[in-house]
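Here is the structure we will look at, set down as structure tokens.
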Amino acid sequence: MHNRDYIMPYDIDLLQKAAVLPGLSRDPRWDVRDSTLDLIRELFDDVATDSSSRELALEFALASKLPDLAITLIADPEPFVRSTCLTAMKSIAMNLRGHIYLSSTGLDHQLVQHILKTTLLDNEPLVRRSAIELLHYLVCTPRADTILFNLEHQALDASTMTRLMADVDAEVRVGAVRLLSALFSVPDDQGDPAWFLEVGGDDLISAAIVDDSRIVRQETHRVIAEQLLPATDGLAEKGSKRSRAPRMDALVGLLGKLDLERMRRECEPEHLYQEVLDVDESILTERKERGEGNNVLACYDC
């Protein structure tokens with residue numbers, strides 16, 4: 001039986017009358033708290049069955065201040081609950097009415113501040129992954145409010161991005177590359193990716209190109225091929241009609257020297273095993289008497 005099944009049937013009227021969700025959010029069983037967050041997330045998800053019932057669900061969720069309830073679990077002692085809380089808050093933020101609610105109550109700023117100061121430092125990679133996905137949406141999407149953007153512009157700084165790009169978890173580093181991509185797409189008044197350059201995005205992308213993890217290199221290749229190169233090709237070919245920041249020139253120079261096809265090949269899983277696939281069978285073949293030592297690989301010399 002799914003965890004939500006023993007919470008309650010999906011009946012908005014029952015939920016409203018019983019007012020059980022606050023109590024469930026404090027249940028000593030972590031899976032009940034986790035399922036409570038899942039239920040809140042589903043009320044805001046845009047995947048709707050019936051438009052009228054979805055509107056009823058949203059009305060209930062907002063009238064009951066469920067976003068306020070959900071955010072109280074962001075520091076839950078159980079990492080799965082903390083991660084689910086961040087996922088639920090992302091669903092709320094992606095819903096137009098949920099987004100308006102977060103903005104009007106100041107919960108969006110509170111949420112971003114908590115992510116930057118606490119959640120990105122969580123000792124569980126699962127939580128850090130969820131945090132960076134939510135941060136990406138809150139600060140860097142077109143729907144992000146100007147006030148929120150300005151407040152967090154200074155907080156999402158070079159030291160934060162450097163720490164994320166050096167995270168021990170490869171999935172977090174992948175998320176950091178995507179966040180760098182989002183920062184690159186936020187132009188200043190002159191049309192330059194000032195935020196990207198302020199956090200040292202040129203150096204961070206350069207390091208990500210040779211990251212130990214294949215999936216980080218793969219995401220870096222995608223960002224460079226689909227976003228950075230198309231945006232800087234014109235600058236490299238035609239030159240600039242106005243002065244550019246030295247870091248921007250350095251980035252253009254770096255991208256111009258990359259062999260994208262080689263990067264792509266080296267990101268393929270098969271590349272990692274190519275040396276094994278290309279082994280010369282002769283070194284595994286015994287041509288002399290057993291034990292005479294004619295094999296190059298000592299482990300096969302028996």
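For the reader, a short list of remarks on this structure follows.
- Condition check for MET165: touching a Lys or Arg at 6+ places or on another chain (Cβ under 8 Å), open to solvent by less than 60 Å² (accessible area, probe 1.4 Å) and under 23 Å from MET248 (Cα atoms): yes
- Those residues of the stretch 89-137 which are open to solvent by less than 10 Å² (accessible area, probe 1.4 Å) and under 15 Å from the mean Cα position of the chain (by Cα), in sequence order: MET89, VAL112, ILE115, THR119, LEU120, VAL127, ALA131, ILE132, LEU134, LEU135
- Entry remark, the stretch 53-79: residues being open to solvent by less than 30 Å² (accessible area, probe 1.4 Å) and in contact with a Leu (Cβ under 8 Å, 6 or more places away or on another chain) number 12 in total.
- The lone criterion from (1) of a type in the set (Ser, Thr, Tyr); (2) under 16 Å from the mean Cα position of the chain (by Cα); (3) open to solvent by 30 Å² or more (accessible area, probe 1.4 Å) left unmet by SER159 is number (2).
- The residue pairs whose first member lies in the stretch 207-220 and is without any contact (Cβ under 8 Å) to a residue 12 or more places away in the chain, whose second member is in a helix (DSSP H, G or I), and whose beta carbons are closer than 7 Å, counting only pairs six or more residues apart or on different chains, do not exist in this structure.
- Every pair of residues 6+ apart whose Cβ atoms lie under 9 Å, when the first sits in the stretch 10-39 and is over 14 Å from ALA70 (Cα atoms) and in a loop (DSSP other than H, G, I, E, B) while the second is at pLDDT 85 or above and acidic (Asp, Glu): TYR10/GLU42
The values are calculated or read from the model by the stated rules, or taken from the named source; none is laboratory data. All of these numbers come straight from a predicted model, not from anything done at the bench. Heads up, the Cβs are rebuilt from the backbone with ideal geometry, glycines too, and the neighbour counts pull from every protein chain shown. These area figures cover heavy atoms from the full protein model, side chains too; ligands, DNA and RNA do not enter into them. Shrake-Rupley method; radii C 1.70, N 1.55, O 1.52, S 1.80 Å.
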